[in-house]
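Reviewing the structure listed below.
The values are calculated or read from the model by the stated rules, or taken from the named source; none is laboratory data. Small disclaimer: the values here were computed from a predicted structure and weren't measured. Cβ atoms come from the backbone with ideal geometry, glycine included; neighbour counts cover every protein chain shown. Ligands, DNA and RNA are excluded from the accessible area calculation, which covers all protein heavy atoms including side chains. Shrake-Rupley method; radii C 1.70, N 1.55, O 1.52, S 1.80 Å.
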Amino acid sequence: MSTAEAPEPGVRSKSNSPRQIPVVGVVTEDEDAQGALKPMDLNRVIKLLQETDKDDLEEKQLKAVKILVQYYQNGFVSFTYLCDLMKVPSSELRIQICKCIVDFYHAEPPKKHITGYQQASSSYKIQMAEVGGLAKTMVQSLALLDNQLVEKLWVLKALQHLSTSEANCTLMMQAQAASSICAHLNDPDPSGQLLFRSSEILWNLLEKSSKEEIIQQLSNLECLLALKEIFKNLFMRGFRHYDRQLRNDILVITTIIAQNPEAPMIECGFTRDLILFATFNEVKSQNPLVKGLKLSNSYEDFELKKLLFNIIVILCKDLPTVQLLIDGKVVLALFTYVKKPEKHKIIEWSAAQYEELQLHAIATLSSVAPLLIEEYMLCQGNARILAFLEWCESEDSFFSHGNSFHGTGGRGNKFAHMRYTLRLLRAMVYLQDETVNNDLCEKGTIQQLIGIFKNTISKSNDKEEAIVLEIQSDILLILSGLCEHNIPRKEIFGTEGVDVILHVLKTDPKKFQSGLGYIVLLFSTLDSIWCCILGCYPSEDYFLEKEGIFLLLDLLALNQKKFCNLILGIMVEFCDNPKTTVHVNSWRGKKDQTAASLLIKLWRKEEKELGVKRDKHGKIIDTKKPLFTSFQEEQNIMPLPADCPTVAVMDVAENIRAKIYAVLGKLDFENLPGLSAEDFVTLCIIHRYLDFKIGEIWNEIYEEIKLEKLRPVTTDKNILEAITTASENIGKMVASLQSEMIESQARQDVQNEQRVYAKIQATHKQRDLANKSWENFLARTSNAKTLKKAKRLQEKAIESSRYNERPPNAIFHQTEIKGLNTTVPSGRVVTLESTPARLVGGPLADTDIALKKLPIRGGALQRVKTVKIVDEPKKNVLT
């Protein structure tokens, strides 16, 4: 395709040399204004070319064609006119138009330059094809080609190229391309191009346009019958690699269509055939469709088997399919994979392929088996599952390849097998079918699962952490499903089960943010406490004995909203056990926080998030609506049927306030340890929660009566008004009590402040006395007169303290040491560490005691040559 250089206005460029006619011409704005782009009436020309019953028809047709060629010698102004020529019943013309479109996507440089024109880029051609709506017109032309195979193949080839663009796919979708193309998939075509190109177009439409709209177009009987026949033919007779690939593509398209519950998969018989093809290898069938048929271990057949398993999962969502699943013995076929691999047995699949199919089959059973309980029990499903779990737990030599989606995390171990088997078991247990669950418990499932859980704790490592956590979560969920509402099974769960739960509760809280499934495991554990422990007193007592309540409160103190509600629910039930109160009151958190203080703190946080009106001290603001949340304020009261809960009733279940009230009520509101003044202010509200909520509900009833314009009898009206007034009075009483508490606390704070100031003053006074004493000490050591004066005062004080008259026959003991030059009370020996020994000759060198003892070298006393005893030793100035 070429674009023309701008010629003179109103003049078309001519050339006598042979050249290619360009498809699209580009003109200037002046030419456009003068009508150069005025289109020719192609419909008139086409109608003339289609006529056959006039005498001079050939001459007129030839003249019209010459005018048409002359008019469009520089190219078509729009692609629409090009595609309009598809209406001309000329095979050569139609094929040439298709070739022209295909050439847009395989542009080749021109063989020679045409004077006055330049080659347009490939991207420009494709863009103009999108703008001109070429794809939509080509789809519409398919209706003209019912019996022209060659022309149809060329149109499909053009559409195959056009469908690589999202814009073109949208245009094709609007023209109902999916249903038009799919309905003719089974048309005769020896070359096989029709099926290949049609499937490619369908794939592009599903990927590049509205998937839902395409599925809706394909969900009709005509399209599904065509797909069914094509698939059966390729499944039974296709032997080439290309045939197998195409067969799998058709099955994927069918799987996408099957997701639409309105698709007539059963009505067209496709569902029955797919079930047969999925199970004929495992369950022998006499159906002629599969007689003598066998799958190889080629990659395409292996993918086919997985696709068949996958479509069964989708088909079973439509309940009418259940009977077909029973007739096809699907459960029995799938259970052939729930067994340990048999050694030295020749199978059609490789070890890696068989492992992947085994995991896929077990995953498929998780969707199918819950719908077919009778078939599950007839196949002894419980026994097969438990035996397979036993193999998964054993030390049997087995190397898992872990190559597939289902094998993730299971390379070199059996964790992947265990994970999908437990999922299957969980799906069956959660049906709450007593036949299934009784059979499981009789076979020792509870003890077996607890043992598996303990083994996973010891075997897991960092690489397998995620899959092990999932396995542990599933085990706890299965145990919850088995033990719920059944005391004998809770007793079987026993202390070993409680130890498992305690192990999880002791998990490092930081791991709950790791994203590896610890949160899921925690939720499963809390569910197990509810279902497997509560209600069984021996288990409850053991849980309390092992400090389980402490662990729950530790989790509650993390202040994680996602599991606070569940923990508080468990706490409410546990408080029915009289031994629980002591444990709750004994718990201490960070900064010596008590359980009561923690619960009240959670209450305040919840009310803040709910937008409840409180002042800065936590006091009630609106005594008429003391519990109203911001959501309740926004909602207008409206009459509701008696069986519909009102906003006030729903509020009880949607937040944790009711549970906090229940727990604190069972702990006794009057004897809660470790509360601050702020806690007591909040506790006043919590204590009256039930009264406030009852008043709230009666107020809603009164308002609904008014809205319905009903007039209650006088007695009922008086009662309603009395209830409303009483509720408001309770609010005022609580607010008054809160005010008293706040004022009392303010006075207490002032008193505490005064005591602190008094203590500070006493400290300063003591410091002043100490400073004064130090100054006196310094004065005595630096001034001999001061020292002598102090000595005289000391001696006078000593004398004044003695008796004036001695008792008769009394023995007098001398308490003073003569010659001692100090002003502090002294005993028989005084060591002055502040004065170096070398300066004074030892601490006792100049005392009476020193004169009575032999001095020793190197000791505290010094050797002297002579000793002179005098009555009054000379006093030295010493401290």
Quiz item: Got a sec? Which of Asn559, Asn565 is of a type in the set (S, T, N, Q) and on the phi > 0 side of the Ramachandran plot?
Solution: Asn559
Quiz item: Which members of segment 325-343 meet the condition of being open to solvent by 20 Å² or more (accessible area, probe 1.4 Å), among the aliphatic types (A, V, I, L, M) and out of contact with any Cys (no Cβ under 9 Å at 6 or more places or on another chain)?
Solution: Ile326
Quiz item: Only one of (1) open to solvent by 70 Å² or more (accessible area, probe 1.4 Å); (2) under 16 Å from Ile250 (Cβ atoms); (3) assigned to a helix (DSSP H, G or I) is not met by Ile201, so which one is it?
Solution: (1)
Quiz item: Residues in segment 727-734: is at least one modelled with pLDDT of 90 or more, open to solvent by 60 Å² or more (accessible area, probe 1.4 Å) and either touching a His at 6+ places or on another chain (Cβ under 8 Å) or among the hydroxyl-bearing types (Ser, Thr, Tyr) (or both)?
Solution: no
Quiz item: Out of the residues in segment 415-449 that are open to solvent by 40 Å² or more (accessible area, probe 1.4 Å) and among the hydroxyl-bearing types (Ser, Thr, Tyr), which is farthest from Leu482 (Cα to Cα)?
Solution: Thr435
Quiz item: Quick one: what pairs do we get from segment 546-574, first residue more than 14 Å from Asp508 (Cα to Cα), second hydroxyl-bearing (Ser, Thr, Tyr), C-beta under 7 Å, 6+ apart or different chains?
Solution: Ile549/Thr580; Phe574/Thr580
Quiz prompt | Filtered residues of segment 258-294 (kept if in contact (Cβ under 8 Å) with a residue 12 or more places away in the chain and of a type in the set (Lys, Arg)) | solution = Arg272, Lys294
Quiz prompt | Selection status of Leu234, touching a Cys at 6+ places or on another chain (Cβ under 9 Å), free of Cβ contacts under 8 Å to residues at least 60 places away in the same chain and in a helix (DSSP H, G or I) | solution = no
Self-check item: When residues of segment 482-516 are limited to those that are surrounded by fewer than 21 Cβ atoms within 10 Å (Cβ to Cβ) and of a type in the set (Gly, Ala, Ser), the one nearest to Cys441 (Cα to Cα)
Solution: Gly494
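Restricted to segment 149-192, and to residues that are open to solvent by 70 Å² or more (accessible area, probe 1.4 Å) and in contact (Cβ under 8 Å) with a residue 12 or more places away in the chain, which residue is nearest to Gln216 (Cα to Cα)?
Only one residue fits best here, namely Gln176.
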Exercise. Scan segment 49-106 residue by residue and report those that are of a type in the set (Val, Ile, Thr), assigned to a helix (DSSP H, G or I) and at pLDDT below 70.
Key: Thr80
Quiz item: Are any residues in segment 254-301 open to solvent by 30 Å² or more (accessible area, probe 1.4 Å) and under 36 Å from the mean Cα position of the chain (by Cα), and if so, which ones?
Solution: Gln259, Pro261, Glu262, Tyr299
Self-check item: Selection from segment 522-550 of residues that are over 22 Å from the mean Cα position of the chain (by Cα), open to solvent by 30 Å² or more (accessible area, probe 1.4 Å) and not aromatic (Phe, Trp, Tyr)
Solution: Gly535, Pro538, Asp541, Glu545, Lys546, Glu547
Exercise. Please work out if Thr682 is polar (S, T, N, Q), buried (at least 17 other Cβ atoms within 10 Å of the Cβ), modelled with pLDDT of 90 or more and at negative phi.
Key: yes
Exercise. Answer with yes or no whether Ala226 is open to solvent by less than 20 Å² (accessible area, probe 1.4 Å), part of a helix (DSSP H, G or I) and closer than 13 Å to Leu304 by Cα.
Key: no
Quiz item: Can you pull out the residues in segment 204-217 that are assigned to a helix (DSSP H, G or I) and within 13 Å of Thr164 (Cα to Cα)?
Solution: Asn204, Leu205, Leu206, Glu207, Lys208
Quiz item: Quick check: is even one residue across segment 636-652 among the acidic types (Asp, Glu), over 29 Å from Val584 (Cα atoms), within 37 Å of the chain's Cα centre (by Cα) and at pLDDT below 90?
Solution: yes
Practice problem: Filter segment 204-223 down to residues that are open to solvent by 50 Å² or more (accessible area, probe 1.4 Å) and aliphatic (A, V, I, L, M), then give me how many there are. | Solution: 1
Exercise. Name every residue in segment 343-391 that is more than 19 Å from Val322 (Cβ to Cβ) and free of Cβ contacts under 8 Å to residues at least 40 places away in the same chain, in order of residue number.
Key: Lys343, His344, Lys345, Ile346, Ile347, Tyr354, Gln380
Self-check item: Lone unmet requirement of (1) farther than 25 Å from Lys546 by Cβ; (2) of a type in the set (Gly, Ala, Ser); (3) buried (at least 20 other Cβ atoms within 10 Å of the Cβ) for Ala596
Solution: (1)
